[in-house]
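Notes follow the structure.
The values are calculated or read from the model by the stated rules, or taken from the named source; none is laboratory data. Just so it is clear, the model here is predicted, and its values are computed rather than measured. Neighbour counts are summed over all protein chains in view; Cβ atoms, including those assigned to glycine, are modelled from backbone coordinates with ideal geometry.
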């Protein structure tokens with residue numbers, strides 16, 4: 001029976017060997033093969049102990065658990081040693097796979113997400129940095145690198161993420177804290193399919209920034225595009241979109257009477273995003289804002305999926321490794 005929630009995960013995967021066996025079946029359904037050359041002629045490496053002691057730079061020691069199911073390619077020109085986690089998001093992780101599986105089960109089902117600090121406490125992870133790194137690697141597997149253009153009725157709106165200015169004196173205010181622009185596109189749901197959402201962190205709300213995103217992510221055969229009355233949208237619609245665009249003026253109404261013109265659907269998507277960012281994370285680094293947007297987008301679009309755990313686990317096996325230096329690099 002596939003693991004679909006935290007209870008199933010803890011019951012089914014009681015040790016790393018259980019996790020590795022499951023990953024092997026998922027990654028190589030037709031038999032184990034070398035991830036480097038594809039050869040199926042392999043042998044299993046037997047280890048006397050799954051735990052080794054390594055010396056750190058400061059002279060102290062740390063116990064490191066080795067993978068229990070390791071193989072070697074018998075191709076003479078390859079001879080690569082590997083496990084089911086080689087070349088995946090799990091690559092070079094010292095955390096037990098049981099904790100990875102539990103973290104994944106929690107994240108994919110937490111509508112407003114969960115902070116790295118909470119993961120550290122709940123799963124008994126040694127340091128906050130390790131939990132934070134793990135959460136971001138899970139988020140990387142949630143990236144849709146080639147999404148289908150949105151169709152049907154599409155609503156577009158923007159919101160602002162950031163702190164508010166504080167009053168120091170009755171007649172004086174601090175300079176307003178800078179806010180980040182997040183634009184959302186959302187399809188309206190139909191009986192045939194649930195609507196999707198896409199989030200974009202924008203440097204500004206100018207035509208040169210918004211128009212390429214609409215051209216790329218909204219189908220030319222879209223039924224209709226609804227926005228608010230911001231003038232920028234009048235200039236961001238190409239020839240195919242211009243005749244299908246309609247706007248609602250929120251200064252006088254929320255919906256055009258007698259028509260379906262409104263942006264209530266896309267605005268509803270912000271009711272999970274903003275409370276999640278504020279309530280779960282409190283403060284989000286602008287450098288990593290796009291990663292958090294990816295998580296909320298992925299979880300919303302997979303809300304009707306029967307088994308989000310296994311769906312995301314497959315993505316983790318297919319995603320490329322994410323070194324820590326890549327995560328902490330500059331903008």
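Checking every residue in the range 244-267 against the condition of being in contact (Cβ under 8 Å) with a residue 24 or more places away in the chain, closer than 30 Å to residue 116 by Cα, buried (at least 18 other Cβ atoms within 10 Å of the Cβ) and within 17 Å of the chain's Cα centre (by Cα) gives zero matches. Among the conditions (1) buried (at least 17 other Cβ atoms within 10 Å of the Cβ); (2) modelled with pLDDT of 90 or more; (3) touching a helix residue (DSSP H, G or I) at 6+ places or on another chain (Cβ under 7 Å), the only one that residue 69 does not satisfy is (2).
For the range 143-157, the candidate set comprises residues that are at negative phi and not in a strand (DSSP E or B); within that set, the residue that is nearest to the chain's Cα centre (by Cα) is 143. Does residue 39 satisfy the condition of being in contact with a strand residue (DSSP E or B) (Cβ under 6 Å, 6 or more places away or on another chain), assigned to a loop (DSSP other than H, G, I, E, B), modelled with pLDDT of 90 or more and surrounded by 13 or more Cβ atoms within 10 Å (Cβ to Cβ)? In short, yes.
Is the range 255-267 home to any residue that is touching a helix residue (DSSP H, G or I) at 6+ places or on another chain (Cβ under 8 Å) and either in a helix (DSSP H, G or I) or within 23 Å of residue 179 (Cβ to Cβ) (or both)? No, the conditions are met nowhere in the range 255-267.
A search for C-beta distances below 8 Å between a residue of the range 110-129 that is on the phi > 0 side of the Ramachandran plot and without any contact (Cβ under 8 Å) to a residue 60 or more places away in the chain and any residue that is part of a loop (DSSP other than H, G, I, E, B) and loosely packed, with under 15 Cβ neighbours inside 10 Å, counting only pairs 6+ apart in sequence or on different chains, returns nothing. Take the conditions (1) surrounded by 17 or more Cβ atoms within 10 Å (Cβ to Cβ); (2) touching a helix residue (DSSP H, G or I) at 6+ places or on another chain (Cβ under 7 Å); (3) in a loop (DSSP other than H, G, I, E, B); residue 86 misses just one of them, which is (2).
Scanning the range 230-254 for residues that are in a loop (DSSP other than H, G, I, E, B), modelled with pLDDT of 90 or more and in contact with a strand residue (DSSP E or B) (Cβ under 7 Å, 6 or more places away or on another chain) turns up 237, 244.
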